[in-house]
Amino acid sequence: MGEALPSIYLDLESDADRAKLTEPELYLSDHADKLVILDEVHRLPGLFQTLRGLIDAGRRSGRKSGRFLLLGSASIDLLRQSGESLAGRISYLEMHPLDALEVGADRLDHLWVRGGFPDSFLASSDRASQRWRQDFIRTYLERDIPLLGPRIAAETLRRFWTMLAHRQSGLLNAAGTRPQPWGRCQDGCGLSPFSWSISS
């Protein structure tokens with residue numbers, strides 16, 4: 001889409017790109033004739049209020065859609081935190097990892113080992129794929145999860161994820177005191193009985 005239309009790309013993980021948005025209304029208004037691609041938009045939740053005003057102004061002048069492409073964790077929770085839902089002004093497209101139907105029967109083992117993220121699946125070697133996955137997990141645990149609110153040490157979450165992966169397909173009995181294997185998970189991660197909950 002960004003190649004078919006005049007566009008600008010801003011990666012909001014980049015300090016330089018975030019600095020361009022110190023006055024977002026002015027900057028984005030200067031690029032009203034382009035598709036503005038905002039990657040990792042969850043880094044600036046306050047931006048949604050500005051986007052609402054710009055979208056409404058664009059509609060009044062005849063430009064109804066296709067002005068902004070928001071990438072990243074622009075989830076309903078994020079929009080709620082920002083105080084602006086963009087209701088009636090936003091359309092969602094949820095991107096899923098590659099699946100068995102997309103890669104074909106002859107590459108199922110490859111998909112099983114490397115997972116469905118395109119950069120991992122298409123990496124030049126198993127080693128490069130593993131490195132990509134390790135970097136992804138590290139970034140997710142150290143940067144993304146804390147943005148969502150939980151204040152649990154990244155290493156504790158990493159141990160918890162590892163234990164859950166080794167206990168996959170098992171039944172978790174959360175009733176009673178320190179159920180097994182949950183008690184072993186708690187002990188191994190250093191979690192107190194009060195630091196976890198299971199939502200229905």
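The values are calculated or read from the model by the stated rules, or taken from the named source; none is laboratory data. Note that the structure is predicted; figures quoted are calculated from it, not measured. No Cβ is skipped: glycine too gets one built from the backbone with ideal geometry, and neighbour counts run over all protein chains shown. Surface areas here come from the heavy atoms of the whole protein model, side chains and all, with no ligands, DNA or RNA. Shrake-Rupley method; radii C 1.70, N 1.55, O 1.52, S 1.80 Å.
Rounded to the nearest 0.05, what FRET efficiency is calculated for ASP56 and LEU93 with R0 set to 22 Å and r the Cβ-Cβ distance?
Taking R0 as 22 Å, the efficiency between ASP56 and LEU93 is 0.50.
Taking R0 as 30 Å, what's the FRET efficiency between PHE117 and ILE8 from their Cβ-Cβ distance, rounded to 0.05?
For R0 = 30 Å, the calculated efficiency reads 0.70.
Heavy-atom accessible area of LYS20 with all protein chains present, probe 1.4 Å, nearest 10 Å²?
Its heavy atoms expose roughly 90 Å² to the probe.
What order do TRP161, TRP112, TRP132 take when sorted by accessible area (1.4 Å probe), most exposed first?
Solvent-accessible surface, decreasing: TRP112, TRP161, TRP132.
Using a 7 Å offset from the Cα along the Cα-to-Cβ direction at both ARG151 and GLN49, what is the distance between the two label points in nm, to one decimal?
So the label points at ARG151 and GLN49 sit 2.5 nm apart.
If I model a spin label as a point 7 Å beyond the Cα along the Cα-Cβ vector, how far apart are those points for GLN134 and LEU26 in nm?
Modelled inter-label distance: 4.5 nm.
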